[in-house]
Amino acid sequence: DAKTTQPNSMESNEEEPVHLPCNHSTISGTDYIHWYRQLPSQGPEYVIHGLTSNVNNRMASLAIAEDRKSSTLILHRATLRDAAVYYCILRKSGGSNYKLTFGKGTLLTVNP
Amino acid sequence: GAGVSQSPSNKVTEKGKDVELRCDPISGHTALYWYRQSLGQGLEFLIYFQGNSAPDKSGLPSDRFSAERTGGSVSTLTIQRTQQEDSAVYLCASSSSTAVDIQYFGAGTRLSVL
């Protein structure tokens, strides 16, 4: 499976935008980029996913580089509730690759 | 709407006892997954149910672990003769047939084996 690389930790201030990077230089053409996050003492939570085009939803935006070797999760206005570990993973579509595995992720700290 | 519900949220048991963990998936979701997460570790896949198909049990760590899914909805994970190394957070997730790539997780059951 193609690997992803994320910074171990990042810090942000409340109400400021946050850009969480992810490198995936060995991504294949059929790999979707998924982001999950895990708040303290909670189960993982799906955030967003995309293939080639940038994606927006109510939680975040996903910006995907033209060569797809990197992507950025954008939280437009960080809140204290966004403090979590963010995981960037690559998954093939179709449901056959259903075993989720997370790397170490990025621990996001949000300062009031 | 209601999300994935797991019970109990915490379970403390003595070594050698059996435990049952319950998962109520999101209504209408056909796929159900069990994972466990040890302290500071990543997700460890345990078992996958999809509709009426035979479950994928390839992640169950030993024959002390078993799981059922009755009526295509509620699932129970049973651990017999618990050991201290079974202590972990047990997570359940479900996904729908129209969005199979997105898994929705419950808050988990924290199991402590003394």
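By a straight-distance test (C-alpha under 19 Å), which aspartates and glutamates pair with B:LYS15 as possible cross-link partners, with residues fewer than eight away in the same chain excluded?
B:ASP63, B:GLU85, B:ASP86
At 7 Å along the Cα-to-beta-carbon direction for both A:SER25 and A:ASN111, put a label point, then send me their distance in nm to one decimal.
So the two model labels end up 3.2 nm from each other.
Please report how far the C-alpha centroid of segment A:11-27 lies from that of segment B:21-60, rounded to the nearest whole angstrom.
29
Would you look at the GNM of chain B, springs on alpha carbons closer than 10 Å, and say which of B:GLY59, B:GLY51, B:GLY40 moves the most?
B:GLY40
Residue by residue through segment B:54-66, what is 3J(HN,Hα) from phi via Karplus (6.51 cos²θ - 1.76 cosθ + 1.60, θ = phi - 60°)? Round to whole Hz and write x for glycine and proline.
Each residue's phi maps through the Karplus curve to give 4, x, 8, 9, 4, x, 5, x, 7, 6, 6, 9, 8 Hz.
What net charge do the residues around A:THR5 carry, taking every other residue with its C-beta under 13 Å from that of A:THR5, with Lys and Arg at +1 and Asp and Glu at -1?
+3
For segment B:1-67, count the residues as N, evaluate 2.2 N^0.38 Å, and divide the Cα radius of gyration by that value, please. Present the calculation step by step, with values, prior to reporting the outcome.
Numbers: Rg = 13.3 Å, N = 67, 2.2 N^0.38 = 10.9 Å.
Compared with the compact-globule rule of thumb, segment B:1-67 sits at 1.22.
Once phi is turned into ³J(HN,Hα) by the Karplus curve 6.51 cos²θ - 1.76 cosθ + 1.60 with θ = phi - 60°, what whole-Hz value does each residue of segment A:30-42 show in order, with x for glycine and proline?
Karplus values, whole Hz, x for Gly and Pro: 9, 7, 8, 9, 10, 10, 10, 9, 9, 6, x, 6, 10.
Hey, quick one: spin label on B:ARG110, modelled 7 Å out along Cα-Cβ, who in segment A:34-65 has an amide N within reach, i.e. under 13 Å?
So the set is A:40-43.
With the dipole of the protein assembly as shown worked out from charges on the C-beta (+1 for Lys and Arg, -1 for Asp and Glu) around the Cα centre, which of B:GLY16, B:GLN37, A:TYR86 lies farthest toward the positive end?
Comparing the listed Cα positions along the dipole, B:GLY16 ranks first.
Which values of log₁₀ I(q)/I(0), to two decimal places, follow from the Debye formula for chain A at q = 0.15, 0.20 Å⁻¹ with a uniform point scatterer at every Cα?
Here log10 of I(q) over I(0) equals -0.59, -1.06.
Working from the pairwise distances between different alpha carbons, so that the mean of 1/r is found and then inverted, what is chain B's Kirkwood radius in Å? Let's see the in-between values first.
Numbers: mean 1/r = 0.0711 Å⁻¹.
The Cα-based Kirkwood calculation yields 14.1 Å.
Of the candidates B:SER96, B:SER75, B:SER62, which one comes out as most mobile in a Gaussian network treatment of chain B with C-alpha springs shorter than 10 Å?
Residue with maximal mean-square fluctuation among B:SER96, B:SER75, B:SER62: B:SER62.
Mind listing the long-range amide H neighbours of A:TYR32? Cut-off is under 5 Å, sequence gap 5 or more, other chains count too, H placed in the peptide plane at 1.01 Å from N.
Sorted by chain and number, the residues that satisfy this are A:ARG91, A:LYS92, A:SER93.
Describe numerically, in nm with one decimal, the distance between label points set 7 Å from Cα along Cα→Cβ at A:GLU16 and at A:ARG81.
With each label placed 7 Å out from Cα toward Cβ, I get 2.2 nm.
If you take every residue apart from B:ASP86 with its C-beta less than 10 Å away from the C-beta of B:ASP86, what net charge results, scoring Lys and Arg +1 and Asp and Glu -1?
Result for the local shell: +3.
Local charge sum around A:HIS34 (other residues, Cβ-Cβ under 10 Å, Lys/Arg +1, Asp/Glu -1)?
Result for the local shell: -1.
Nothing charged except the Cβ atoms of Lys and Arg (+1) and of Asp and Glu (-1): what's the magnitude of the dipole of chain A about its Cα centre? Round to the nearest 20 debye.
It works out to roughly 400 debye.
How big is the convex hull of the Cα atoms of the protein assembly as shown, per residue, in Å³?
127
Sequence neighbours fewer than 8 away in the same chain don't count; with that in mind, list the lysines whose C-alpha is under 25 Å from B:LYS17.
B:LYS57
No value in this document is a laboratory result; all are computed from the given coordinates. What you see is a predicted model; the values in this text were computed from it and never measured. Cβ atoms come from the backbone with ideal geometry, glycine included; neighbour counts cover every protein chain shown.
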